[in-house]
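Nothing in this text is a laboratory measurement; each read-out follows from the coordinates by a stated rule. Fair warning: this is a prediction, and the values are worked out from it, not measured in the lab. Here Cβ is always computed from backbone atoms with ideal geometry, including for glycine, and neighbour counts include all displayed protein chains.
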Amino acid sequence: MIPEIEYASKAEINNFQVGKLKVLLQYLNTNSAFYKRLFSTHKIDISTINSLEDLAAIPTTTKDDLQQYNDDFICVPKNKIVDYVTTSGTLGDPVLFGLTDSDLDRLAYNEAISFACAGVGQDDVIQLMTTIDRRFMAGLAYFLGARKLGAGIIRVGNGIPELQWDSILKFKPTYIIAVPSFLLKLIEYAKQHNIDLNNSGIKGAICIGEPLRAQDFSLNTLSKKIKESWNIELYSTYASTEMNTAFTECEQQKGGHQHPELIITEILDDNNQPVAKGESGELTITTLGVEGMPLLRFKTGDIVKAHYEKCECGRNTMRLGPVIGRKKQMIKYKGTTLYPPAMHNILNDFNEVEAFVIELSHNSIGTDEILIKIAVNTPTESLLQSIKNHFRAKLRVLPKIEFSDKKEIQKLQFPKMSRKPVMVIDNRNQA
Ligand SMILES: [Zn+2]
């Protein structure tokens, strides 16, 4: 199931992608009202785009573009759309991604080769601990991918540790797909109910939504906590609806591998210029082989670092390191640039912290302020001091930290219509 192109040389991969890009540009110029207009407004002759570097001549596409011109991005008539997926738009209204029959095949292929990359095979059974409905793409992709790969899948959905364990003990899956912090809940439940974690038959977890590793690929606090109790392999997978593509770790667990037949990637700085190798920047993607709503130079908003050296697994494809943060949530604080996930990591080091939320605001002179509200069982001055010391040691700056009521924090974390808990409340762009 592993495509040969992943083992091809860098030059071969590059040529292969240029060929695919030419096909995409023709397709967009014929079928996409948005890109047709973009090419004509900027006087772009697509026949002059003959390398991946030439892409720089084309303006980037933003989330706001998707929202403002949603219909213009859709390249097929409505009766060709099979599955309706939406993402939350930055301006409020959801953005529709219409998937055609062929897009669903592509999605299945994408997930099948991603599973294969993480070592899942035909004899494996995967327990899905994420939502498959609610107009989400991910759960459906996992289902289709497992089917394509020939593996079994048990769709339990998210939450409910009791039901998850019931299913694990009864049907003996070998892999699970979950948010890593949920694995802690599974561990807690198992311990309370005398379930032997390390004889459960689970070999590995494919983890979404939260990073497992530091930038050097060493385990972060969350995955250390998981592995202390449950000796399973942890594979990170990173994907989004806009990308229609996943970056999943191989057995080396050193970043998510790119699939060259499915996506072109660029890592750009604030001025839309490529960053130097080894620097972090905004992941910008071009989808390949998408029929319903293909995207060209779409800025994902995620800050990442790319790794280009050959992987020990033999693949020559680029790997993406753990997401450093959302570009929108970048904080300039006392001369340091930081992102909320770094603060999540520090707070995760304290078992006493039961819940937290990070509030960002502008102060009277227009610079960023950070207030972290934490809930603990027994608030003490010494605990607060040790949290502060840990911040100073790890981040070299100290945000404001205060104790708050758990119920209050949970109310902030789950506003109406939210699909997942809100860990960061950003009040900086309000008047
Ligand atoms: Zn690898």
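Packing-based ranking of 361-373, 92-104, 237-249, 342-354 yields 237-249, 92-104, 342-354, 361-373, ordered from highest to lowest mean Cβ neighbour count within 10 Å. For region 369-414, the mean projected area of the C-alpha convex hull, equal to one quarter of the hull surface, is 3.6 nm².
Applying 1/(1 + (r/R0)^6) with r as the Cβ-Cβ distance of residue 191 and residue 272 and R0 = 51 angstrom yields a FRET efficiency of 0.55. A Förster radius of 30 Å, combined with the Cβ-Cβ distance separating residue 350 from residue 310, puts the computed FRET efficiency at roughly 0.15.
Based on DSSP H segments of at least four residues, each scored -39500 (n - 2.57), the chain has a per-residue ellipticity at 222 nm of -9500 deg cm²/dmol.
Once the other residues with Cβ under 9 Å from the Cβ of residue 250 are scored (Lys, Arg +1; Asp, Glu -1), what is the net sum? Result for the neighbourhood of residue 250: 0. For the pair residue 48 and residue 328, the difference between a 0.36 nm per residue extended length and the Cα-Cα distance amounts to 97.5 nm. If you plug the beta carbon distance of residue 252 and residue 405 into 1/(1 + (r/R0)^6) with R0 = 51 Å, you get a FRET efficiency near 0.70.
Label sites at residue 336 and residue 134, each approximated as a point 7 angstrom past Cα along Cα to Cβ, lie 3.4 nm apart.
Full extension of the chain segment joining residue 416 with residue 60 gains 124.9 nm, where the gain is 0.36 nm per residue of separation less the Cα-Cα distance.
Projected label points at residue 396 and residue 231, each 7 Å from Cα along the beta carbon direction, are separated by 3.9 nanometres.
Working from label points 7 Å from Cα in the Cα-to-Cβ sense, the residue 123 to residue 41 distance is 5.6 nm. Where both bridge residues fall in the chain, DSSP classifies roughly 65% of the beta bridges as antiparallel. Cα extents for the chain along the principal axes, largest to smallest and rounded to whole angstrom: 67, 60, 42.
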